[in-house]
Each structure stands twice: as C-alpha cells, then as structure tokens.
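No lab work stands behind these numbers, since they all come straight from the coordinates. Owing to the predicted nature of the structure, the values given are computational and were not obtained by experimental measurement. Cβ: placed from backbone, ideal geometry, glycine included. Neighbour counts: every protein chain shown.
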Amino acid sequence: MTKLLLFTFLALLISYSVLAQTQVIKGKVSDSQADYPLIGATVTVADSDPVKGAVTDTEGYFKIENVPVGRQTLIVQYIGYKSITVPNVLVTAGKEIVLQLKLEESVERLDEIVITSEADKDMPLNELAKVSARTFSLEEVTRFSGGRNDVARLATSFAGVSAPDDSRNDIVVRGNSPVGLLWRIEGIPIATTNHFATQGTTGGPVNALNTNLLRTSDFLTGAFPAEYGNANAAVFDVNFRNGNKDTYEFTGQLSAFSGLEFMAEGPLSRSNNSSFIASYRYGIASLAATGTTAVPYYQDFSFKAHLRETKAGRFEMFGLGGLSNIDFKGDEVEDDDLFANPNEDAYVDNQLGIIGLSHLIRLNKTTFIKTAIGASTNFNEYQQDNLVKNNEDILLEKYRAVDASTRENRYTLSTTLNKKFNARWSLKAGALIERYDADFSVTDRDNRADIPDNDGDGIPDYFITIRDLKDVYTLSQMFAQTENKLTDNLSITFGLHSQYLDYTDDFILEPRAAISWQIRPNQRWSLAYGFHAQTVPTPVLFFEEEISPGTYARTNENLGFIKSHHYVLAYDRNLSVDWRLKAEAYYQNIFDVPVESQPSSYSVLNEGADFIFNEEGSLVNEGTGTNYGVELTVEKFFSRGYYLLMTTSLYESKYKGSDGIERNTAFNNNLVGNLLVGKEWTFGESNRNALTFDTKLTSAGGKPYTPVDLDATRENAGREIRMDNIAFSERYKAYFRWDVKFGIRLNSKNKNISHQFFVDLQNVTNRKNEFVRRYNEVTDQVDLVEQIGFFPDVMYRIQF
C-alpha cells in the first residue's frame, strides 16, 4: 500500500511538472474610509512582461486575465491616493482570485499619483486601530504549521498571545483570561465559535469557523478602537468573503483534524453581481486529536449570500451553525485522558449558531450607514453518571450525579454611520443592542455525602440545585470615533464608547485615544490609551447560592462591570523591503473585579483557566489586577520563496483577591516565544507548482496552579479541594512544542483544477507537556495528567 501511494505521488509530480496554466485576478478598489468605488484606478501585476493589468470600471471592479499561477505581486494606483503593493497573492489553477482593495487618500498631494513604499502587510483593516492589531488571511491560516486550520490557533503565533494547551484553543492575551475575548462575525458579537465550548468560555477543542470562507480579518490585543465593547482582553473581528460573482467554483477537503468538507460558490445572478458561498463540514471523529480516547462528533455549516445592490441599498445574509457531542465512558478511559474519569460516564452535547442580515445604504458619495440584525444561540448540556465499583473494579451500580444545561440566545441590532468629511477628517459612530435570553439549569449530587437517616448505601439521595434560571436582559452600546490626519505621516484618533446593562442598571463611559507618527519612511511610533469594561460572565452573575437549607438566591446579581485601563507604546521599523521589526510595551490596570466578600484568594480574573466556572457566591467588585510587559516581533514577509516570524513576549500578570495578597494569575506564564520558518520550492513550467516546508517552535513558561489539599479532599468524599491560601504558588514545567509541515501544491494541465496536500507533524519530539495535577479517585492520589504527544495531521484539498 505504501509503495502504491509513493508511486502515485511521483507520477503526479512528474506529470504536473510539465504543464502550464493561468488564472484570473479580479476584485474591487475603493476608498479606505468612505468605501466608495474608485473609478479608473490601475491594478498591474508586478514584473509582468508584457505588462498585465486592468483599470477599474464605474463600480470599482477590475479583472486581469491570463495571470500565471504561483505567487504574484500587485501594484494599485490612483490619482491623489497613496499607492499600495499587494505581495504574495497566491494564484492557483482551481480558483479565481477575488480581492477587496482599499486605497487611502493623501492629505498633502491630490493632483498626482502618490508613490509610496510597500504597504505595511500586517496593518489591520480597521484604520482606527493604531496599536496592538494584526490582520490575518486565509493563506496564513493554512500555511503555518500546527494551526489545524483554526484561526484561533493561528493567533498563538502573534506576540502577546499564549495558548500552551494542545487540547483547546483558548486565547490568553497579555495574561488576561480568555473569557475577556470578544468574537465578532460580520459585526455581530457571538459567545463562541467553538464546538464543545462551555457557557461563559470562548475556547474549545475544535473551531466551527471554516477558514475557507474567511476573508482577511483583524485580531486586536489591547487598547482597541471605540467601536469594540464588552471585552477586556482581545477582539477577533471576523468577516466572511463573498462568493465568485462570475463563475461557479467548488472546493473539497479532507483533514485528520477538521474533517471532511465540501464548499460551493458562484453567482446568484450574473447580471447584478450577486453571489453565494456555502460550506458543510463533518468531523472525522476517529482521527481527531483532542486529548481523549472518547470519540467526538461535530459538524457545521456556514454561508454568505451577497444580494443584488439596488437603490434601497446592498443586502447580505450570513450564517454559521454547529452541532457536536461526545460520550466519555469510564470503562474506556486510558491513563493519559485529559477529560474523562474511570468512575464516571459523561455525555456532552453542544449547539452553536448565528444568522444575520446586513444592509448598507449610501446617503451620498462619502457617507453610508451599515445596519445588521442577527440571532445567535449557544447551548450546552452535560450529564454525568457515577459508577459504583467494588475492589475488583466490577460495576455494582450506576446513578445520575450531574444534570446541567445552559442555553443563551442573543438577538442583536447593530448600526454604524461612516462619514468622510475630507481627506483629513472622518467619523465612525454607531450603536449595538443585544437582547439576552438565558435558561440555565444545574443540579448536582456528585461526591456529596449520603444522608445517614436514609438508606446509607453511599449514594447521595438528593440533588442540590446549583442554578435554576430563566431570565432576559439587554446590553446597549453606543460609540463614536473620529480620526484627524494632520499630515500623511501624523494622525490622531479619539473615541468614546458607552455601555448600559439593564439587569444591574449599570452605565459606563469609556474614552479611547491614539496617535500615530511616521517619523521616517521606514519608522513609526504609536501611543494609545483605552478604558474598557466588560460584563461579569453569566455563570458568575447568575450563580444561585444556598443561603439557608433549601433556599437559594442570586447573590452575585448586583455585580457591575469589570474595568481596565490599557496603555500601549509601539514602535515599527521596516528593516528592508520585506523585513519588519515591531516592539510594544503595555500596562493594564484592572479594577472592580468580583472577589469574595470574606478574605480569600478567589478572583474572577482566573476564570477560564478550567473548562467550567467555579461556584462562588456573595461576590463584590473589590478585586484588582495588573498586566504589563514587552513584546518583540521580527518578521520577514513571504518573498523570494521563504518567510520568517519570530515573536517574544515577556510579561507579568498579577491579581489581588479580597485578602489583599498579590498573586500570580492562572495565566502568568511570564515568557512566550515562537519561531516560524517556511520555504517554498517552485517547479514545472512557469514555476506553477510548489513543494513547501513549514516549521514552528513554541516555548512558554510554566503555568501557575493551586496545589490540591489531599487530606481535605479525602475528608470531603473525594470532592477536590485546593489550597486557596497559597493559590497559584506553584508552576507546571515549561511548555515546549515543535511542529513540522511538508506539502505540495499542483495545478492541472488544461483544466481549472488545483490540488494541495500536506502532512503536519505536530509535536515531533513527542514531548508530554504537563496539563494538570488533579485528584484521582482511583489512585486516591494527586496525579499528573500530560498533554497530547506526537500527532500527524494530514490534509488534502481540491479546488475546481
């Protein structure tokens, strides 16, 4: 079988090496601030002979035909605007390239084409984000080693981001809890984009976002612009791309981790530029490396429809839905399982989804209003059966110990006004209203003592209701932000964000400001400040505490916003055409953090370190925290066949509970480093095909943890108790991982078909990084659970 696969691979390699193919590059060029089409802009393929290019039509569209496959560079120019260079456009035989290009109007010279150096390839799409922001593309998600086609895992390669967990994609930014992350899809906030996510958390083992549908999007890690609210840590601002408006195209994909996928796109009507794109994906459970021997099942569907633009405006529909479930059987648990318990059968079901409709209407050439309405849901169900066994490990009895379900529906209305007064001044203002519909139910008799007055069989007789909630509440947000470009090299932004939560009757104003100064053509300094506030996570806010036998109350329902001040100083320097150095220093002051009313080490800032929230009541907004550090990025953008990305983050993340003692947070790794290198060798006629090699080295300091109090745990019928008086005083060993990826990209002879195949060898050293030290009911000891070892991820993609 191995010889047959090798022979087939070599035959494909030889046959494709003598073939030739071209493709189409097309798209739209528009003003970066007001988004109106630029008529007569020129788009040319660099170093093409004869010159290949096009001029945009009355709607800003262009089309360049017969572009050779491979990596191309585009030059975009327009009178009075800064020209840009778009490098590393990967052209394949199987799919037309569709681009959305933005040009910035010069404030100094308006009667000529303004020639500038190559555009900053990492700058965010949101021009108001002057610091701590990075754009990412589909090509990067699929290129980097160890990414599993997951946009969240891609972010772990960027400075300031730590995720030393092979089983989940929780994003820790600058020492903040991943609970502080905001996910937005097409401008609509969503609780999470992950399968198997629990209520209140933002991460999970498998992302339901299909990267093949994504267009270039933004990731922001601090002091973000005024349009982003209800987040203290970071923002993933994700957008779906439009389908091809001229021709039908299809993609098939099979991956060991992300599963089997089929995607289709094309015109809804060729006469009016309307299009659709849709994808269905089914998880290949038996091949998924999720840190457990249990078999996970997951599937998701994503779509976007770009409808006809009329006098009434432009309409777009979009959606994402996912289903997932997994059963953990105690009799099938192995020693290295990260999630299961040999004395339990657990059943997990999850649902997530969002559907939305957006509308854009242009009031005049420089003013438009974009409005979106959406509905989203996040459902989790967890059921646990405890297994009673004798000394010979024979099952005696099985009983239901935990029954929990949470559903949170959101109904969202978002509207934004964009106004460009002139080349110097622009304004962005809007409002976002979210109506939450919560239904939480948790009953528990796990590891609780049997009542002696009853049968005395060792099985708890009564469930304890931890949460029983049905409620609705509304979070309203408004913002306004303006930018003044004093010169082409100096700009200032100022904004104000506000939030009102009717459940707690809390209102807050959050000022934001930034200045960016291009002191030299290759150097830029930026300084930013942001005041940010976030609602308390719903599992904490709605926790029901037993205040007397059989009587429960929501003792946390008056908790106000968690607040933080962000300060960021950034320095960017282009070392050469393709090399960049970026350094950032930051300080975050966090306050009004929920902590216990009695002296203790508990703080909400540490929630998100586990898969579920702690059960703490009677909290007050009196805790504090600080995060500060420096980040360094050295990047060689993809050119001349290779790229390099090296990031280093040195930071401290501290907090104080109600006992007033400063401690490490659960996310204070202190040091995170990444080194990514990739090389591409082209072959065949016109260098159309390619062999690729990518590798990634990741290292992080040991994660702090609170040791288990073994004696107290044994006295508490095996219900784990930790030494909260010395919380987060010990550390796991440092994290290290090395991933290596090999691939090949082939283009068909005379048909629009391309193939891509890669093998991603993850954790090639088979290092068993420490995951958690927890009480083991079987051994009656505190045992170490290790993370996933070596895992090969294989992917094949065909586009036609």
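At 0.36 nm per residue, minus the direct Cα-Cα distance, what do Glu652 and Thr682 gain on full extension? Give it in nm, one decimal, please.
Residue separation times 0.36 nm, minus the Cα-Cα distance, leaves 6.4 nm.
Under Stokes-Einstein, with the Kirkwood radius over Cα pairs standing in for Rh, what whole-number D in µm²/s applies to segment 553-687 at 4 °C and 1.567 mPa s?
Values: Rh = 18.1 Å.
Estimated diffusion coefficient is 72 µm²/s.
So which aspartates and glutamates pass the test for Lys749, namely a Cα distance under 13 Å, with those fewer than 8 places away in the same chain ruled out?
Glu685
Using the structure shown, list the pairs from Lys26/Lys130; Lys365/Lys420; Lys311/Lys365; Lys26/Lys365; Lys582/Lys636 with a Cα-Cα distance above 18 Å, or answer none. Write out the running numbers ahead of the final one.
Details: Lys26/Lys130 29 Å; Lys365/Lys420 9 Å; Lys311/Lys365 14 Å; Lys26/Lys365 23 Å; Lys582/Lys636 12 Å.
With Cα atoms farther than 18 Å apart: Lys26/Lys130; Lys26/Lys365.
Label Leu396 and Thr415 with points 7 Å out from Cα along Cα→Cβ: what is the distance between them in nm?
6.7
Rounded, prolate or oblate: which fits segment 481-616, taking a ≥ b ≥ c as square roots of the Cα gyration tensor eigenvalues, rounded meaning a/c under 1.5, else prolate when a/b beats b/c?
Values: a/c = 4.08, a/b = 2.36, b/c = 1.73.
In terms of gyration-tensor shape, prolate.
For segment 133-799, what is the per residue volume of the convex hull drawn over the alpha-carbon atoms, in cubic angstrom? It would help to have the intermediate numbers written out before the result.
On the way: hull volume 105.7 nm³, N = 667.
With only Cα atoms used, segment 133-799 gives 158 Å³ per residue.
Hey, what did segment 133-799 get for relative contact order, percent, Cα under 8 Å, at least 6 apart? Let's see the in-between values first.
On the way: 1960 pairs, mean separation 71.7, N = 667.
Relative contact order of segment 133-799: 11 percent.
P(r) for segment 609-759: what percent of alpha-carbon pairs falls in each 5 Å bin, starting at zero?
Binned Cα distances yield the sequence 2, 7, 11, 13, 12, 10, 9, 8, 7, 7, 6, 4, 3, 1, 0.
Using the Karplus curve 6.51 cos²θ - 1.76 cosθ + 1.60 with θ = phi - 60°, work out ³J(HN,Hα) for each residue of segment 264-275 in order, rounded to whole Hz, and write x for Gly and Pro.
Values per residue, Gly and Pro as x: 10, 8, x, x, 7, 7, 5, 7, 10, 6, 7, 8 Hz.
Against the globular-protein guess of 2.2 N^0.38 Å, express the Cα radius of gyration of segment 132-172 as a ratio, rounded to two decimals.
Working: Rg = 9.8 Å, N = 41, 2.2 N^0.38 = 9.0 Å.
Relative to the 2.2 N^0.38 Å estimate, segment 132-172 comes out at 1.08.
Under 20 Å from a point placed 7 Å out from the Cα of Thr85 along the Cα-to-Cβ direction: which residues of segment 517-553 have their backbone N that close?
518-524
Of Pro342, Thr371, Ser564, which is farthest along the charge dipole of segment 133-799 in the positive direction, counting Lys and Arg as +1 and Asp and Glu as -1 at C-beta?
So the residue we want is Thr371.
To the nearest 0.05, how large is the calculated FRET efficiency for Leu569 and Asp49 if R₀ is 35 Å and r is the Cβ-Cβ distance? Mind showing how you got there, number by number?
Working: r = 45 Å, r/R0 = 1.29.
The computed FRET efficiency comes out at 0.20.
Between Ser269 and Ile464, what is the label-point separation in nm under the 7 Å Cα-to-beta-carbon projection?
6.3
Once both labels are modelled 7 Å past Cα along the beta-carbon direction, what's the Gln351-Tyr500 spacing in nm?
Going from the Gln351 label point to the Tyr500 one covers 3.3 nm.
So, R0 is 22 Å and r is the distance between the beta-carbons of Ala583 and Leu490; what FRET efficiency does that work out to, to 0.05? Walk me through the intermediate numbers first.
Numbers: r = 20 Å, r/R0 = 0.91.
Calculated value: 0.65.
Work out from phi, with θ = phi - 60° and the Karplus expression 6.51 cos²θ - 1.76 cosθ + 1.60, the ³J(HN,Hα) of each residue of segment 616-625, listed in order in whole Hz, and give x for Gly and Pro.
With the stated coefficients, segment 616-625 comes to 10, x, 6, 8, 9, 7, 10, x, 9, x Hz.
Hey, what number do you get for the chain at 222 nm if only DSSP H runs of n ≥ 4 count, each worth -39500 (n - 2.57), divided across all residues, to the nearest 500? Mind showing how you got there, number by number?
Numbers: 5 runs with 36 residues, N = 800.
One gets -1000 deg cm²/dmol as the mean residue ellipticity at 222 nm.
Given Leu213, Val672, Phe591, which one lies farthest toward the positive end of the charge dipole of the chain, if we put +1 on the Cβ of every Lys and Arg and -1 on the Cβ of every Asp and Glu?
Leu213
Stretched out fully, how many nm does the piece from Glu139 to Arg767 gain, at 0.36 nm a residue minus the Cα gap? Write down the numbers at each step before the final one.
Values: separation 628, 0.36 × 628 = 226.08 nm, distance 2.86 nm.
Extra length from Glu139 to Arg767 when fully extended: 223.2 nm.
Could you give the angle, 0 to 90 degrees to the nearest 10, between helix 2-16's Cα long axis and the longest principal axis of the Cα atoms of the chain?
20
Between Arg308 and Asn364, what length comes free when the chain is fully extended (0.36 nm per residue of separation minus the Cα-Cα distance, one decimal in nm)? Walk me through the intermediate numbers first.
Working: separation 56, 0.36 × 56 = 20.16 nm, distance 1.89 nm.
Separation in residues times 0.36 nm, less the Cα-Cα distance, equals 18.3 nm.
Work out the FRET efficiency for Phe693 and Ser639 from their Cβ-Cβ distance, taking R0 = 22 Å, and round it to the nearest 0.05.
Numbers: r = 16 Å, r/R0 = 0.74.
Computed FRET efficiency for Phe693 and Ser639 comes out at 0.85.
For a quick check: sort Asp170, Asp739 by the number of other beta carbons within 10 angstrom, fewest at the front. Don't skip to the answer; put the middle values down first.
Values: Asp170 25, Asp739 22.
The order, fewest Cβ neighbours first, is Asp739, Asp170.
Checking the cross-link filter: which lysines have an alpha carbon closer than 22 Å to that of Lys654, excluding same-chain neighbours under 8 positions apart?
Lys563, Lys703, Lys733
Ranking Val672, Val620 by Cβ neighbours within 10 Å, fewest first, what do you get?
On the way: Val672 25, Val620 17.
So the residues, fewest neighbours to most, are Val620, Val672.
For Asp246, Asp709, Asp505, Asp165, which order do you get if you count the other beta carbons within 10 Å of each Cβ and list the fewest first? Can you show the working numbers first?
Details: Asp246 16, Asp709 19, Asp505 9, Asp165 23.
Least crowded to most crowded, the residues run Asp505, Asp246, Asp709, Asp165.
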